[in-house]
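Comments concern the structure below.
The values are calculated or read from the model by the stated rules, or taken from the named source; none is laboratory data. Keep in mind it's a predicted model, so treat the numbers as computed, not measured. Cβ coordinates were reconstructed from backbone atoms using ideal geometry, including for glycine residues, and neighbour counts include every protein chain displayed.
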């Protein structure tokens with residue numbers, strides 16, 4: 001009988017290579033898990049709120065609160081402002097055109113050859129100032145002719161008067177007939193009429209000679225000349241020699257909606273002086289300040305607007321004829337109004353509302369009624385009291401009862417966020433052309449493109 005065969009060895013006993021292979025997969029998987037965890041912590045999850053000024057300063061400069069921080073345990077950083085009591089100017093806005101009080105085309109009153117010009121294009125001239133001269137010789141000759149005719153007829157008149165005295169003496173002596181006296185009297189009257197006509201002719205000739213020198217009919221700025229030296233100037237020339245436009249004072253004709261007529265008429269009937277400001281087309285430069293003169297007597301049915309006229313001193317000549325300007329007319333001033341930044345006011349189906357920050361750093365929705373706006377401030381007529389804190393930045397992430405960390409952004413040289421105690425009193429005055437700063441309790445906002453804050457909003 002054959003001996004039993006040897007049993008087969010084990011299929012695959014573990015060796016050192018397989019152990020190292022399994023260990024490598026384990027560590028690779030661990031590194032992948034750690035990488036995923038790091039990606040989730042540092043990229044996927046928003047950066048947590050860091051308490052105190054040190055954490056705030058670590059945020060990237062130029063980013064808003066919603067980009068620098070995100071909520072931790074539901075706490076969201078928001079920009080806030082404190083409702084304050086101030087005066088709000090009520091303005092009515094209209095688009096107008098600068099209209100000079102007087103514009104005159106300089107014409108020559110007589111025809112002749114232009115021999116001299118005494119002005120420079122674009123210069124300011126005074127009424128009566130000499131502008132141009134025509135060839136005076138034809139008119140000088142006419143004056144001499146008229147003077148000679150007057151002298152001749154005056155001599156005839158004097159001789160007729162001497163004869164009239166003689167005839168009266170002879171009639172008194174009954175030496176001649178009365179008919180001769182009457183004839184001589186009529187002749188004297190005739191010569192007197194002729195002399196008067198000659199005097200008129202002489203005055204006319206002298207006037208034409210004076211008209212050969214062209215003077216400025218009004219004061220103002222003279223435009224480009226329309227004729228050159230050596231040309232024959234006619235009284236019928238449509239373009240004349242040049243055009244003069246009066247610049248001081250200057251008026252602006254602008255339009256307002258017909259709905260504003262009752263309020264404006266009430267002020268005019270009360271004798272109030274309504275201040276008007278003229279601004280450039282881009283609403284960035286105030287050109288002049290004046291007053292309302294009057295309102296037109298009818299509404300334009302095609303536009304539903306009424307025209308008004310305001311007058312400006314224009315001493316610096318910032319207003320130019322036919323220039324388009326924006327007119328802001330101060331109608332009224334709301335004294336002691338409760339005002340908040342316009343960014344704090346949101347709209348819903350139930351009307352405007354704001355988020356009010358309570359003392360426990362939670363927010364609540366408050367329905368409000370708004371009034372006139374001035375710059376970036378809007379008056380609140382009801383629903384909010386002075387001193388209450390409202391959210392102006394980061395509103396899109398809020399909800400009723402949300403926990404917030406009130407912050408305020410600094411100016412351009414201080415980009416760090418600083419904690420703000422809700423409801424704390426703040427001092428400071430908003431500059432006319434600068435955005436609100438931390439002193440005002442509001443996040444900085446770009447100045448409105450329509451007009452500077454000092455000029456008032458509607």
Looking only at segment 280-305, count every residue that is touching a helix residue (DSSP H, G or I) at 6+ places or on another chain (Cβ under 8 Å) and not in a strand (DSSP E or B) and tell me the total.
1
So, residue 370, is that one without any contact (Cβ under 8 Å) to a residue 60 or more places away in the chain and not in a strand (DSSP E or B) or not?
no
Those residues that are over 33 Å from the mean Cα position of the chain (by Cα) and part of a strand (DSSP E or B), I need them from segment 206-263; list them, please.
213, 214, 215, 232, 233
What's the number of the only condition in (1) under 22 Å from residue 268 (Cβ atoms); (2) out of contact with any strand residue (DSSP E or B) (no Cβ under 6 Å at 6 or more places or on another chain) that residue 308 fails to meet?
(2)
Go through segment 363-373 and report how many residues are closer than 10 Å to residue 404 by Cβ and surrounded by fewer than 16 Cβ atoms within 10 Å (Cβ to Cβ).
0
All-but-one check, residue 119 against (1) surrounded by fewer than 12 Cβ atoms within 10 Å (Cβ to Cβ); (2) assigned to a loop (DSSP other than H, G, I, E, B), failing number (1)
Taking residue 198 and the conditions (1) part of a loop (DSSP other than H, G, I, E, B); (2) in the same structural domain as residue 149 (by TED's automatic domain parsing), which numbered condition does it fall short on, given that it satisfies the others?
(1)
Look at residue 225 and say whether it is at pLDDT below 95 and closer than 30 Å to residue 106 by Cβ.
yes
